[in-house]
Amino acid sequence: MQTEDDSHSRIELPEGSFDGRHAFDAHLRSAFAAACQQNWREFVWSDPDFSDWPLGERSVIDALQAWASSGRQLIMVAERFDVFEREHARFVHWRRMWGHIIDCRVCHGPGMPQVPSAIWTPTWFLHRIDIEHVRGVCGRSPDSRRAVRERIDECLRHAKSGFPTSTLGL
């Protein structure tokens, strides 16, 4: 006999190395789904431009919608956000509704640190070490999580606000 708890089994986040586009996308989708289920208060995303993240997918937006509420915070850091209007229209719409919990920062220019491709949470991380070949590592290791967060924080120290919820023209 299946109980209600069995039908909503806990999402197990991957651990260890990953290789390839399919694995990367699957790991991102797992993280987005786990955010609500595991009640993550803080969610940090980092990528040079997020162009190849599945942020335009309906299932991803549904997961983010389930996660979003008062007391939550999403921090995004990138070198640029220009691909969002073209590639991630659903995300742009969702961001307009939840702009008050999302802080988007741009870290780009001479002497600035390189923006890593990563997700950081208080309990799990994903770090795409080789963007071109889509290889990386993810897991719960406190030392690895701390190292990823330190790289992101270095970018945040130099970053400026970016990706406004709306653009007003004259």
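So, in segment 12-47, how many residues would count as being in contact (Cβ under 8 Å) with a residue 24 or more places away in the chain, surrounded by fewer than 16 Cβ atoms within 10 Å (Cβ to Cβ) and not small (Gly, Ala, Ser)? Matching residues across segment 12-47 total 6. Against the test of being open to solvent by less than 80 Å² (accessible area, probe 1.4 Å) and closer than 20 Å to Ala31 by Cβ, the options Ala63, Ala89 yield a single qualifying residue, Ala63. Name the residues in segment 119-136 that are without any contact (Cβ under 8 Å) to a residue 60 or more places away in the chain and either loosely packed, with under 15 Cβ neighbours inside 10 Å or over 13 Å from the mean Cα position of the chain (by Cα) (or both), would you? Listed by number, the residues that qualify are Ile129, Asp130, Glu132. Is segment 148-162 home to any residue that is surrounded by fewer than 17 Cβ atoms within 10 Å (Cβ to Cβ), touching a Gly at 6+ places or on another chain (Cβ under 8 Å) and outside any loop (DSSP other than H, G, I, E, B)? Scanning segment 148-162, I find no residue that is surrounded by fewer than 17 Cβ atoms within 10 Å (Cβ to Cβ), touching a Gly at 6+ places or on another chain (Cβ under 8 Å) and outside any loop (DSSP other than H, G, I, E, B), so the answer is no.
The values are calculated or read from the model by the stated rules, or taken from the named source; none is laboratory data. Because the structure is a prediction, the values reported are computed rather than measured. Every residue, glycine as well, gets a Cβ built from its backbone with ideal geometry; the counts of neighbours run over all protein chains shown. We work out accessible area using only protein heavy atoms, side chains counted, and drop any ligands, DNA or RNA first. Shrake-Rupley method; radii C 1.70, N 1.55, O 1.52, S 1.80 Å.
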